[in-house]
1. For the subset of segment 86-100 comprising residues that are without any contact (Cβ under 8 Å) to a residue 40 or more places away in the chain and not in a loop (DSSP other than H, G, I, E, B), which member is most open to solvent (accessible area, probe 1.4 Å)?
2. Just one of (1) on the phi < 0 side of the Ramachandran plot; (2) open to solvent by less than 80 Å² (accessible area, probe 1.4 Å); (3) in contact with an Asp or Glu (Cβ under 6 Å, 6 or more places away or on another chain) trips up A49, so point out which.
3. Assess whether V83 counts as being touching a strand residue (DSSP E or B) at 6+ places or on another chain (Cβ under 9 Å) and either in a loop (DSSP other than H, G, I, E, B) or closer than 22 Å to D39 by Cα (or both).
4. Out of curiosity, is R46 basic (K, R) and touching a Ser or Thr at 6+ places or on another chain (Cβ under 8 Å)?
5. Within segment 57-70, is there a residue that is of a type outside the set (G, A, S), without any contact (Cβ under 8 Å) to a residue 12 or more places away in the chain and assigned to a loop (DSSP other than H, G, I, E, B)?
6. Are there any pairs, at least 6 apart or on different chains, whose C-beta atoms fall under 7 Å, with the first in segment 114-135 and among the acidic types (D, E) and the second outside any helix (DSSP H, G or I) and at pLDDT below 95, and if so, which?
Amino acid sequence: MSFRLAAYAVCIEGGRVLLARHVSDNWTLPGDRVEHAEDPFDTVVREVAEETGCSAVVERLLGVDSRVIPAAVARAGIEHQNVGVFYQVRITGGRLRPEPNGETVESVWTPIPDVARLRRSSLVDVGLALARTLPVTGHVDAVPVGGLIQH
């Protein structure tokens, strides 16, 4: 089994959410793996800057999602657990651009109703559900992933 701790930014402004398109052509939230000895709070700010070209501030912790991806559908062919820490983030400056020498080819402010039609990671749905419901426990029920990319 592999394990990954990651931090994700949920940036919502004017009915739009900031999404990043990966080289695989899947849409996801800005964010990625927490580096050794790095705080997830710092990770999310760093990842937003790296992937989008924008500076950001964390406004609040939205919650934590833990999911296990069975070996049969995991990219590496082995069972994988992803623990994602989701933050509500506000963009404070910069200009959207592709990630230099990275895997994010573009970042786009996307109207929330349009998200359902995108080929996207389940992380997008988890982040939007946390932002919409603001659960006191920081946990949402499992988000159905039918038709979505699960990781």
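The values are calculated or read from the model by the stated rules, or taken from the named source; none is laboratory data. Computed from a prediction, not measured in an experiment: that's the story for all the values here. Cβ: placed from backbone, ideal geometry, glycine included. Neighbour counts: every protein chain shown. These area figures cover heavy atoms from the full protein model, side chains too; ligands, DNA and RNA do not enter into them. Shrake-Rupley method; radii C 1.70, N 1.55, O 1.52, S 1.80 Å.
1. Among those that are without any contact (Cβ under 8 Å) to a residue 40 or more places away in the chain and not in a loop (DSSP other than H, G, I, E, B), it is T92.
2. The number of the failed condition is (3).
3. Working: touching a strand residue (DSSP E or B) at 6+ places or on another chain (Cβ under 9 Å): yes; either in a loop (DSSP other than H, G, I, E, B) or closer than 22 Å to D39 by Cα (or both): yes.
For V83, the condition - touching a strand residue (DSSP E or B) at 6+ places or on another chain (Cβ under 9 Å) and either in a loop (DSSP other than H, G, I, E, B) or closer than 22 Å to D39 by Cα (or both) - is met.
4. Values: basic (K, R): yes; touching a Ser or Thr at 6+ places or on another chain (Cβ under 8 Å): no.
Answer is no for this residue.
5. yes
6. Sorted first by the residue in segment 114-135, then by its partner, the pairs are D125/V143; D125/L148.
Every residue, every condition in (1) open to solvent by less than 30 Å² (accessible area, probe 1.4 Å); (2) in contact with a Gly (Cβ under 9 Å, 6 or more places away or on another chain), yes or no:
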position: A56; (1), (2): yes, yes
position: G63; (1), (2): yes, yes
position: S66; (1), (2): no, yes
position: I78; (1), (2): no, no
position: V108; (1), (2): no, no
position: V115; (1), (2): yes, no
position: D125; (1), (2): no, no
